[in-house]
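Structure first, then comments.
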Amino acid sequence: MTAVQRVNGIIRRVPGWPIYLLFPLPGIWLFWRALNNQLGANPIEVLEHEYGELGLQLIIVTLLITPLRRWTHINLLSFRRAIGVMAFVYVLAHVLTWLLLDHQLDLQAIWTEIVKRPYITIGMVGFLALLPLALTSNNLSVRKLGPLRWRKLHRLAYLAAFAGAAHYLLLVKAWPIEPIIYAAVVAALLGMRLYWKMSSQR
């Protein structure tokens, strides 16, 4: 038995449900710190940023699972759905913080921001792309849609990743290295998938 086979054997024995318990903890900790005035002078802005960044990080992790399997044969597919759901949870927390805490659900102001600011427009596109993925991330939806249609629908994850990286890149007024790295990683992952698809059609 090879080392990869041993690793995959261990992975198969690890359940996915702890992800739903452990991954929310950083977000809960951040919110507790905000309530206790431990996030600086503008805790709402910090919450928005941190929730959004955690969501983008988890989206990238879901995209990394397939290349990891192709390159190393380590199979983490059993965790991808749970990680994707948690990515949506953090993006939803990011959006709700903006809607409820930052804009107090002022619909006119919210709509004006979405229309006027390209980074918000793109961010909302990414959020809307994630919504059907979260709603269909269950076995019942796979059975109802059928595996082929379900996989096609979940390609919206690529749009969500692109929109999330672009949203973060356009958000910053300067050009710090962090959003550039995220954008480069997303571009590389999407580029690989495009290359694989084109290669398979030759």
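The values are calculated or read from the model by the stated rules, or taken from the named source; none is laboratory data. Computed from a predicted structure; not experimentally measured. Note: ideal-geometry Cβ built from the backbone for every residue, glycine included; neighbour counts use all protein chains shown. Only protein heavy atoms, including side chains, enter the accessible area calculation; ligands, DNA and RNA are left aside. Shrake-Rupley method; radii C 1.70, N 1.55, O 1.52, S 1.80 Å.
For residues that are under 24 Å from L131 (Cα atoms) and surrounded by 13 or more Cβ atoms within 10 Å (Cβ to Cβ), tally how many sit in region 149-202.
Here the count works out to 29.
Of all residues in region 148-202, which are closer than 19 Å to L68 by Cα, hydroxyl-bearing (S, T, Y) and either in contact (Cβ under 8 Å) with a residue 12 or more places away in the chain or not in a helix (DSSP H, G or I) (or both)?
Passing the criteria: Y158, Y182.
Would you call W196 more than 15 Å from the chain's Cα centre (by Cα) and modelled with pLDDT of 95 or more?
no
Test of understanding: among V7, V14, which residue is over 23 Å from the mean Cα position of the chain (by Cα) and surrounded by 10 or more Cβ atoms within 10 Å (Cβ to Cβ)?
Of V7, V14, the one residue that is over 23 Å from the mean Cα position of the chain (by Cα) and surrounded by 10 or more Cβ atoms within 10 Å (Cβ to Cβ) is V7.
Out of everything in region 71-95 that is without any contact (Cβ under 8 Å) to a residue 60 or more places away in the chain and not β-branched (V, I, T), what residue ends up being nearest to V4 (Cα to Cα)?
Going through the qualifying residues, I end up with W71.
Would you call A109 under 17 Å from the mean Cα position of the chain (by Cα) and aliphatic (A, V, I, L, M)?
When the stated conditions are applied, A109 does not pass them.
Restricting region 29-79 to residues that are within 30 Å of G9 (Cβ to Cβ) and in contact with a Gly (Cβ under 7 Å, 6 or more places away or on another chain), which is surrounded by the most Cβ atoms within 10 Å (Cβ to Cβ)?
Within region 29-79, the match that is surrounded by the most Cβ atoms within 10 Å (Cβ to Cβ) is I59.
Considering each residue of region 94-115, count those that are in contact with a Phe, Trp or Tyr (Cβ under 6 Å, 6 or more places away or on another chain) and either open to solvent by 30 Å² or more (accessible area, probe 1.4 Å) or over 23 Å from A129 (Cα atoms) (or both), and give that number.
Qualifying residue count, region 94-115: 1.
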